[in-house]
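Working notes, structure below.
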Amino acid sequence: MAVLNFKGKTFVQNHHLAVKYHQLVPQKDKSLTDKVSLNDNLIIHGDNLKALKALLPTYAGKIKCIYIDPPYNTGNENWVYNDNVNSPMMQEWLGKVVDKEDFTRHDKWLCMMMPRLKLLRELLREDGVIFVSIDDNEQHRFRILMDEVFGEENFIANIIWQKKYSPQNDANYFSDMHDFIVVYAKKRNDGLEKGGWVRNLIPRTEEQNARYKNPDNDPRGLWKSADLSVKTYSEEYDYPITTQSGRVVNPPKGRSWMTSEDNFNKLRSDNRIWFGKTGDNVPSLKIFLSEVQEGVVPLTLWLRTEVGDNESAKKEIKEIFSEIQLPFDTPKPTSLIKRILQISTEKDSIILDSFAGSGTTANAVLELNTEEGNRKFILVECEDYADESILEGDKLPGYLELARYIFYTATGEEFDPEKVDEKRNFIGESKEYEVYLFYKPDIEYLRTTALTLDRAKNLGEYKNKKRLVFAPSKYLDHDYLLEYRIDYCQLPFEIYKLKS
């Protein structure tokens, strides 16, 4: 597999592991429901790398579909590299606008994308899929990066979306009429093994159904004719057919019929062969509408007449914002995202957009739910135009929130808040571990609390599982830890450090 090298890669390959934990705090006064919960539709306001890390304890392995529309890195977007990576070179990058004069803009973009893609992959279900809008500025580099993060064997498609209707006659070389949507599964399903992503069919349109007629009043309903010949030649399937009028016909030169002579005669007796109204036409096969009602296979070319374009997206935004200056430069049409969801999700799927922008993904989810289903969305945005939940990083997290994070990072399994017994400091049990947490969101408690012999004795009866005990510090030596079957883990430093 080809590997892409770029400045800073060695420092960001594992940067997603070093990102500090931040608490997701639901804001009741900014919510549309009386009872706020991290299990509802979410709009998270904050840096999307920190937000993705904060989502892991609750949503790792649960997201069915991810759609992102990251900066295209055209040099005109004024995006800023803000990841605080431990590297002198990258510290120099912090806070600086990435423009066309920046000779490292491609390196910075890849350094920005890599840790986010790794976290996004962790959030996906095994049968999940990611769709990424991109254009020619980074598409070729992005494909190689995705091959590295998701595996080239999990590439699905490179969709071409017609984003414009009117050509640019003043273009220097070619009029740019399309963008790409790159699609990768977390795990492909090619019918050879269980699991993995399987695409849905697209609902049929009225225009497609209108192509079906019933000129012979067949009681089985509407149908349309299909060519009976195929371009792959087979001598066995090359035979003469006598039409209803008595004319003898053969397949076109270099082609053969699509089925054997015996099977053709069965189809003919079943009134599945059509010779035209006069009975003299070359035979064709009748395909009934009832046989194709499930839908159609999606194409890799998405026309504006089917899924909208830039202009239709701007019209949608103008209906919401009355200002002449729109707050978004390149919004995507709702119908485009809706098409993605039709292909990739089920009725109860969770959809994530970590470069949320105009919020079109949420609109598409809600619109599709009005037709069928109860899908949920999670949006992450770092601007000020949406504010339903906010990412907090300067406050001590609550007990349950830290327990959720600790349990997931220690076991990789789903956290169940119903199992928490705060009085016993017990936060859950996995296949291998019992997990305990000594913690309060109080600086004085964190200063003075340690795992002592008395606390070790009070953990309860040993269940033949490793005991993971998280606490600010410990006053037990190695022998006592062995005696009480304890693996001690210090609380993450950034959670309980003393504020000066």
Item checked: Reach of residue 466 by Cα under 17 Å, taken over lysines that are not fewer than 8 positions away in the same chain -> 431, 457
Next item on the list: Run the numbers on the chain and let me know its relative contact order in percent, using alpha-carbon pairs under 8 Å that are six or more apart.
Entry: 18
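Taking Rh as the Kirkwood radius, which is the inverse of the mean 1/r over Cα pairs, what is the Rg/Rh value for the range 399-496? Provide the component values of the computation, followed by the final result.
Working: Rg = 12.5 Å, Rh = 13.5 Å.
Over the Cα atoms of the range 399-496, Rg/Rh equals 0.93.
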Item checked: Principal axis box of the chain, alpha-carbon based, largest edge first, Å -> 100, 62, 49
Notebook entry, point to check: What is the helix-to-structure angle for 310-320, meaning the angle in degrees between its Cα long axis and the longest Cα principal axis of the chain, kept from 0 to 90 and rounded to the nearest 10?
Noted result: 50
Notebook entry, point to check: residue 25's amide H: which non-local residues (gap 5+, or another chain) put their own amide H closer than 5 Å, with H modeled 1.01 Å from N in plane and none for Pro or chain starts?
Noted result: 390, 392
Checklist line | Packing-based order for 227-233, 150-156, using average beta carbon neighbours within 10 Å, highest first | finding: 150-156, 227-233
Notebook entry, point to check: What are the radius of gyration and Dmax of the range 1-129, computed over its Cα atoms and given in Å?
Noted result: 16.5, 51
Notebook entry, point to check: In which sequence would 140, 45 go, from the one with the fewest C-beta neighbours within 10 Å to the one with the most?
Noted result: 140, 45
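At 37 °C and a viscosity of 0.692 mPa s, what translational diffusion coefficient does Stokes-Einstein give for the range 206-291, taking Rh as the Kirkwood radius over Cα pairs? Give it in µm²/s as a whole number. Walk me through the intermediate numbers first.
Details: Rh = 13.6 Å.
D, rounded to a whole number, is 241 µm²/s.
Rank these for me by crowding, 277, 465, going from fewest to most other beta carbons within 10 Å. Show your work: numbers first, answer last.
Numbers: 277 9, 465 14.
Listed from fewest to most nearby Cβ atoms, that is 277, 465.
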Note to self: Quick check on the exposure proxy: order 222, 379 from fewest to most C-beta atoms within 10 angstrom.
What the structure shows: 222, 379
Check: So for the pair residue 232, residue 458, with labels modelled 7 Å out along Cα→Cβ, what separation do we get in nm?
Finding: 7.3
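Which of the trypsin sites (Lys or Arg not before Pro) found in the range 81-177 are loop residues per DSSP with 16 or fewer other Cβ atoms within 10 Å of their Cβ?
Working: sites: 96, 100, 105, 108, 116, 118, 121, 125, 141, 143, 163, 164; in loops: 96, 100, 163, 164.
Of the trypsin sites (Lys or Arg not before Pro), the ones in loops of the range 81-177 whose Cβ has at most 16 other Cβ atoms within 10 Å are 96, 100, 164.
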Next item on the list: At a Cα cut-off below 20 Å, give the lysines reachable from residue 118, other chains included and same-chain residues fewer than 8 away excluded.
Entry: 7, 9, 20, 50, 53, 62, 64, 108, 186, 187
Item checked: For q = 0.10, 0.12, 0.14, 0.15 Å⁻¹, Debye-computed log10 I/I(0) when each Cα of the range 187-335 counts as one equal scatterer -> -0.61, -0.77, -0.90, -0.96
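What FRET efficiency comes out for residue 266 versus residue 136 if R0 is 51 angstrom and r is the Cβ-Cβ distance? Round to the nearest 0.05. If you can, show how the numbers build up before the last one.
Working: r = 52 Å, r/R0 = 1.02.
Taking R0 as 51 Å, the efficiency between residue 266 and residue 136 is 0.45.
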Checklist line | C-alpha long axis of helix 334-344 to longest principal axis of the chain, angle in ° | finding: 90
Next item on the list: May I ask you to evaluate 6.51 cos²θ - 1.76 cosθ + 1.60, the Karplus curve with θ = phi - 60°, for each residue of the range 245-262 and list the ³J(HN,Hα) values in order in whole Hz, giving x for glycine and proline?
Entry: 7, x, 6, 9, 10, 10, x, x, 4, x, 10, 9, 6, 7, 9, 6, 5, 4
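Of all beta bridges DSSP finds with both residues in the range 399-496, what is the antiparallel percent, to the nearest 5?
Values: 4 of 15 bridges.
Around 25 percent antiparallel, to the nearest 5.
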Check: For the Cα atoms of the chain, what angle does the longest principal axis make with the long axis of helix 360-371, in degrees from 0 to 90, nearest 10?
Finding: 60
Next item on the list: Would you please put 126-132, 469-475 in order of how densely packed they are, using the mean number of other Cβ atoms within 10 angstrom per residue and starting with the highest?
Entry: 126-132, 469-475
Checklist line | Amide H within-cut-off set for residue 244, under 5 Å, with H built and near neighbours excluded | finding: none
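Bear in mind these aren't lab numbers, they're just calculated from the coordinates by the rules spelled out. Keep in mind it's a predicted model, so treat the numbers as computed, not measured. Neighbour counts run over all protein chains shown; Cβ positions are idealised from the backbone, glycine included.
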